[in-house]
Amino acid sequence: MVWLGNNNSKRIFIWFVNALHVIALLLLLLLLLSCGISGKSQVLFALVFTTRYLDLFTNFISLYNTVMKVIFLLCSYVTVYMIYWRFWKSFDSENDTFRLEFLLVPVTGLSFLENYSFTPLEILWTFSIYLESVAILPQLFMISRTGEAETITTHYLFFLGLYRALYLANWIWRYHTENFYDQIAVVSGVVQTIFYCDFFYLYVTKGRCQEGDGHGIPIPAG
């Protein structure tokens, strides 16, 4: 969850960033009606939110904070259920073939080696930060296999990537105003944003000109 500051301008920024994430989740739910979503990426995101928000049971910050955490958890679980059970017939399993162990094994090891405190909750929180930075890779891999992304898929990825990019702006602002630096969150956010950079370019240069033709955005393979 993005840092909760005290003054109104900071809170407005936080609400805006989280609103982008909610928009991405709503687009994702619409996307479930098609076959362009990676179930494996959504399983990873569900694991991200589950391990990050275990403090729901131990640490109350605010009603807004709690509600947003519950929304993210519920959306992630509902999405996984819809993909693998409700709409399993339209799920593109032939192209959703990324090997999750290639992400889970190194992320798990890194979360034990690089963390701020060797406690269960802190290790799980660190695991969630590392995992979120690479959770989109199965989706990008799936798009590269098909060679094209449906229009609504591109909108979902755009808002999700924009949310993460603004998340970085939040950390830059905190460093500038408070001299606060969270190395794990910042480095992971940079890595995740880099994965979106090529997609952002294609979204801006090719997405707008094809928005009305009923086709998706062509994605170069490899």
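The values are calculated or read from the model by the stated rules, or taken from the named source; none is laboratory data. Computed from a predicted model, the values in this text were never measured in an experiment. Backbone-built Cβ (ideal geometry, glycine too); neighbour counts: all protein chains shown.
Listed values, structure above:
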item	result
Subset of the range 120-139 that is polar (S, T, N, Q) and modelled with pLDDT under 95 - its residue that is farthest from Phe199 (Cα to Cα)	Ser133
Within the range 51-82, tally of residues that are touching a residue at least 40 places away in the same chain (Cβ under 8 Å) and of a type in the set (S, T, N, Q)	5
Residue match in the range 61-72 (condition: among the basic types (Lys, Arg), part of a helix (DSSP H, G or I) and surrounded by 14 or more Cβ atoms within 10 Å (Cβ to Cβ))	yes
Yes/no for Phe91 being in contact with a Ser or Thr (Cβ under 9 Å, 6 or more places away or on another chain) and either surrounded by 13 or more Cβ atoms within 10 Å (Cβ to Cβ) or more than 18 Å from Ile37 (Cβ to Cβ) (or both)	no
Hits in the range 141-165 (condition: farther than 25 Å from Val186 by Cβ, at pLDDT 80 or above and crowded, with 20+ Cβ neighbours inside 10 Å)	Met142, Ile143
Selection count where residues are under 14 Å from the mean Cα position of the chain (by Cα) and hydrophobic (A, V, I, L, M, F, W, C), scope the range 128-171	15
Positions within the range 73-94 being farther than 25 Å from Gln192 by Cα and in a helix (DSSP H, G or I), in sequence order	Tyr81, Met82, Tyr84, Trp85, Arg86, Trp88, Lys89, Ser90
The range 102-119, residues that are assigned to a helix (DSSP H, G or I) and either free of Cβ contacts under 8 Å to residues at least 12 places away in the same chain or more than 15 Å from Pro138 (Cβ to Cβ) (or both)	Phe102, Val105, Pro106, Thr108, Gly109, Leu110, Ser111, Phe112, Leu113
Flag if Ile83 is at negative phi and touching a helix residue (DSSP H, G or I) at 6+ places or on another chain (Cβ under 6 Å)	yes
Residue check for Phe180: of a type in the set (A, V, I, L, M, F, W, C), touching a helix residue (DSSP H, G or I) at 6+ places or on another chain (Cβ under 8 Å) and in a helix (DSSP H, G or I)	no
Pick from the range 172-203, criterion acidic (Asp, Glu) and more than 17 Å from the chain's Cα centre (by Cα), ranking: farthest from Tyr116 (Cα to Cα)	Glu178
Residue in the range 44-52 that is closer than 17 Å to Phe141 by Cα and at pLDDT 90 or above present	yes
Qualifying residue in the range 187-197 (condition: part of a helix (DSSP H, G or I) and either touching a strand residue (DSSP E or B) at 6+ places or on another chain (Cβ under 9 Å) or acidic (Asp, Glu) (or both))	no
Residues of the range 97-136 satisfying the condition of being charged (D, E, K, R) and within 17 Å of Ser41 (Cβ to Cβ)	Arg99, Glu101, Glu132
